[in-house]
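The values are calculated or read from the model by the stated rules, or taken from the named source; none is laboratory data. What you see is a predicted model, and the numbers here were worked out from it, not measured in a lab. Methodologically, a virtual Cβ is constructed for each residue, glycine included, from the backbone with ideal geometry; neighbour enumeration extends over all protein chains shown.
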């Protein structure tokens, strides 16, 4: 009978639900220390490798580090976007694990601070990354026309502004959520929704402009109005993937039983699938218009990525970021099985890293005989795994810091009874 | 109704062929549990009629998942591929036309139409396949002759077991439906 009438209609189910028993939704003290040390070990080791790389080829190491930093930022931006959307649309099905989204979200301003070392290293390296700041670029008419926007002062000020905005949004939403844990005030949900309403606009604009500044300006002649969307598509994709991975690991640790089920994985899998498609749609649309119109400043971006072995990397992006996951994740069983969808979560994060690698790293060896720089690919591995190791360490710390579920979320009942029916 | 009447054909007192036996239920829960009993009794040609969808009814009825998604996937991808081939043949082979100095057969230019054709034929397959697997449209259905059946669009829940089912037996089927709590159990003529 419960299947018939209770499904999807119950509200305000409290802590009496068996899935919400304390042992199921909180980590034992000291839990996750093994994983935490593994991540910090990976982080430190990776960054040491990258630091050695800096002395071999500073520009290569800088670009590689930037790939890692951008990947980490997109993961947190994706989580932030979803928290805002879930608040805005009163999403019920996520309430058993929205706290995990908020955990990753809360790391956004911290991870974004890694842009400071990027800027410092860039300056030390004679602005090899943002070469519009370096002397040889001065006098270029295309840069002169943009100096009102693209000048170092305004650039750094904007970057600081994005991070401050993100810090404000993410800390406000996290505070409201944690406050609800303590007070049980249902109206905090409505308050979070009100905050999300303006925050989503701010986040859309700030993340788009951040992508213009931090990625698109690497080639100051290049411009694409699609760039912000491209960046967002990748963020939402990798944010969903990270969430699936966190939940699969928690389930593996014997937690969240009955709170996060195949039904939730199924819907998260659908989101992952849809953002695979959305990313491909945006990426192709961007390429297609540039290919058709053939404006030199725009085509130069793709021309640069047609040198040497870069087309192979591009092909790897298309296959790993779209073609393969698209075909396989079409199948329902793949999305419902926590193990297979967790595999694709890891896969998606790797695919996104390759995508960011393809976006950022060509700047390192322009005009070289080996424009990819295969001989020093270990620097990329070190830098990316180093930054992601740090992020993993931060995430595990956040996840284990409190209850795994926002226990006073008024929509918990909806999530506990969540089913797909198809 | 069914193909190959291997089992017995039952007739009513007036000599009409029996189509099915129906039973009424008052609540979603009643019909849900009755459906479980009918499923467990091994019937295959039967259906539940309700005024609104009842969550979990597929499980209670033991209905297998439809193969429609597979059909849509295969036909959608095939038509996308054929659409690509069509454009390649038109622009690259049959009537090459210089456009913007691009090569004749460029995959880039073919992607939007390939994509759209994939979507279009997937949508067609979804609609037509849905109708086909549901055996729609049906211009006539014996159940619609029964006045009481009209209440399934209002406040009644009905189970209908077809006489073509291999387990159908007027007495045993009636007993099953009675045991499951059905009321107004009646035969429906073809």
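Annotations for the structure displayed:
- Inspection of segment A:75-82 finds a residue satisfying the criterion of being under 29 Å from residue A:52 (Cα atoms) and touching a helix residue (DSSP H, G or I) at 6+ places or on another chain (Cβ under 8 Å).
- In segment B:41-58, of all residues being out of contact with any helix residue (DSSP H, G or I) (no Cβ under 7 Å at 6 or more places or on another chain) and part of a loop (DSSP other than H, G, I, E, B), the one that is surrounded by the fewest Cβ atoms within 10 Å (Cβ to Cβ) corresponds to B:52.
- Candidate set: segment B:18-40, residues that are surrounded by fewer than 16 Cβ atoms within 10 Å (Cβ to Cβ) and away from every other protein chain (no Cβ under 12 Å); chosen: the one nearest to the chain's Cα centre (by Cα): B:40
- Of everything in segment A:1-46 that is part of a loop (DSSP other than H, G, I, E, B) and within 14 Å of chain B (Cβ to nearest Cβ), the residue that is modelled with the lowest pLDDT is A:1.
- Yes/no for residue A:199 being assigned to a helix (DSSP H, G or I) and under 30 Å from residue A:300 (Cβ atoms): no
- Scanning segment B:59-77 for residues that are within 11 Å of another protein chain (Cβ to nearest Cβ), under 14 Å from the mean Cα position of the chain (by Cα) and either loosely packed, with under 15 Cβ neighbours inside 10 Å or at positive phi (or both) yields B:65, B:66.
- Residue match in segment B:105-115 (condition: more than 14 Å from chain A (Cβ to nearest Cβ) and either exposed (fewer than 13 other Cβ atoms within 10 Å of the Cβ) or more than 29 Å from the chain's Cα centre (by Cα) (or both)): yes
- Enumeration of residues in segment B:42-58 that are within 14 Å of the chain's Cα centre (by Cα) and at the interface with chain A (Cβ under 10 Å from one of its Cβ atoms): B:58
- Residue within segment A:47-56 that is assigned to a helix (DSSP H, G or I) and under 30 Å from residue A:411 (Cβ atoms) present: no
- Verdict on residue A:178 being in a helix (DSSP H, G or I), over 30 Å from residue A:128 (Cβ atoms) and touching a residue at least 24 places away in the same chain (Cβ under 8 Å): yes
- Matching residues, segment A:179-192, being crowded, with 17+ Cβ neighbours inside 10 Å and closer than 19 Å to residue A:79 by Cβ: A:180, A:189, A:192
- Taking segment A:295-366 as the region of interest, the helices (runs of 4 or more DSSP H) fully inside it that hold 3 or more residues being within 14 Å of another protein chain (Cβ to nearest Cβ) and either in contact with a strand residue (DSSP E or B) (Cβ under 8 Å, 6 or more places away or on another chain) or farther than 21 Å from residue A:212 by Cβ (or both) are A:310-318, A:324-329, A:332-336.
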